[in-house]
Amino acid sequence: MQNGTLWTDRDGLPLHAHGGWILQYEDTYYWYGEDRRDRFYVSCYMSRNLKDWTFRNHILTMDSPMQPYRVRTKLQLKREDGGKVNLERPKVIWNRKTGKFVLWAHFENGNDYTEAAAAVATCDTPDGDFTYHGHFNPYGYMSRDCTLFQDEDGTAYFISAARDNADMHVYRLSEDYMNVDALVNRLWQGEYREAPAVTKIGDTYYMLTSFCTGWAPNQGKYAVSDSMEGRWSSLKDIGDVTTYHSQPAFILQRDGKVLYFGDRWGGGGEKYFTSGYVVYPLTEKNGELTMQCTEEALL
Ligand code: DGJ
């Protein structure tokens, strides 16, 4: 797979899983991401080797089932005029205690970017039809570009850009992953970071982010911490001034390799559908992270 291009699935069709996420469950990888075609919001593909991807399902669409839960949310998957809302950067983790696959994403109302909310959906299987539980503003805060991080002990975190993107918030999730439990960090106030992606190498946590320049790529930065809830370092550059023409989607570790997955956005409007993917290896040495730009995705 050539970096920067729109990859295809095993049927030779474009793989639409942008701003996405890979979940490893049992012996299978599930790639979730934005699919803005037709009535779709989130699509899911599966693979055993990270190279050959089989389309599984449009797991969240305008017609998905909706179900309230104990948190007060807005159950809305369409605009009032019947048009689409926006569901961006979907991430899915599996909750060992409830057996549920829990999806978090960034919700906007389809007219503008003022809603800035977190959306939650669940399913009993990784690639089934997800049930939408609505969106809300955690503790009243704006919540835009987001990611999830699940620690080895099962504690999970929702990380999202707050205050018109000025600050990056880290929320610890409740045990069932259905709500935020505590706002544990407010990072890099006024530095306007987007597209967070977290990984843990040894006992150290790393968070990559981009700056806010719409669809245009910019200088990636990362920070280091010895605890998700503790003190994070200041931001250090990674990659070049365009993060090798990409924006972070997520980080996946496999066979000792740390793989950065990024989007190479085509742009807004119709150009969005030409958006491609990159995978660049990350190397950690003495707490420093470096990114290697390669022509091919070394999967
Ligand atoms: C940057 C964000 O990271 C993307 O997910 C998308 O929302 C674009 N902005 C839209 O301009």
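The values are calculated or read from the model by the stated rules, or taken from the named source; none is laboratory data. The structure presented is a predicted model; accordingly, all values stated were derived computationally and were not measured. Here Cβ is always computed from backbone atoms with ideal geometry, including for glycine, and neighbour counts include all displayed protein chains. Areas reflect the complete protein model, heavy atoms only, side chains present, ligands, DNA and RNA absent. Shrake-Rupley method; radii C 1.70, N 1.55, O 1.52, S 1.80 Å.
Overview of results
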item	result
Filtered residues of region 193-252 (kept if in contact with a Cys (Cβ under 7 Å, 6 or more places away or on another chain) and of a type in the set (D, E, K, R))	Glu194
Filter result (in contact (Cβ under 8 Å) with a residue 40 or more places away in the chain, assigned to a strand (DSSP E or B) and either open to solvent by 20 Å² or more (accessible area, probe 1.4 Å) or within 16 Å of the ligand (Cβ to nearest atom) (or both)) within region 81-102	Lys84, Leu87, Glu88, Arg89, Pro90, Lys91, Trp94
Residue in region 73-95 that is farther than 24 Å from Asp145 by Cβ, of a type outside the set (Lys, Arg) and modelled with pLDDT of 95 or more present	yes
Single condition Ala216 does not satisfy, out of (1) small (Gly, Ala, Ser); (2) in a strand (DSSP E or B); (3) within 16 Å of the ligand (Cβ to nearest atom)	(2)
First in region 67-80 and β-branched (Val, Ile, Thr), second anywhere and open to solvent by less than 100 Å² (accessible area, probe 1.4 Å) and not in a loop (DSSP other than H, G, I, E, B), Cβ under 7 Å, 6 or more apart	Val71/Phe136; Thr73/His133; Thr73/Gly134; Thr73/His135; Thr73/Phe136
Filtered residue count, region 125-164, keeping only those that are open to solvent by 20 Å² or more (accessible area, probe 1.4 Å) and either within 15 Å of the ligand (Cβ to nearest atom) or of a type in the set (Ser, Thr, Tyr) (or both)	8
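Residues checked against (1) part of a strand (DSSP E or B); (2) among the small types (Gly, Ala, Ser); (3) open to solvent by 20 Å² or more (accessible area, probe 1.4 Å); (4) under 22 Å from Thr5 (Cα atoms):
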| residue | (1), (2), (3), (4) |
| --- | --- |
| Thr199 | yes, no, no, no |
| Gly230 | no, yes, yes, no |
| His245 | no, no, yes, yes |
| Glu270 | no, no, yes, yes |
| Thr283 | yes, no, yes, no |
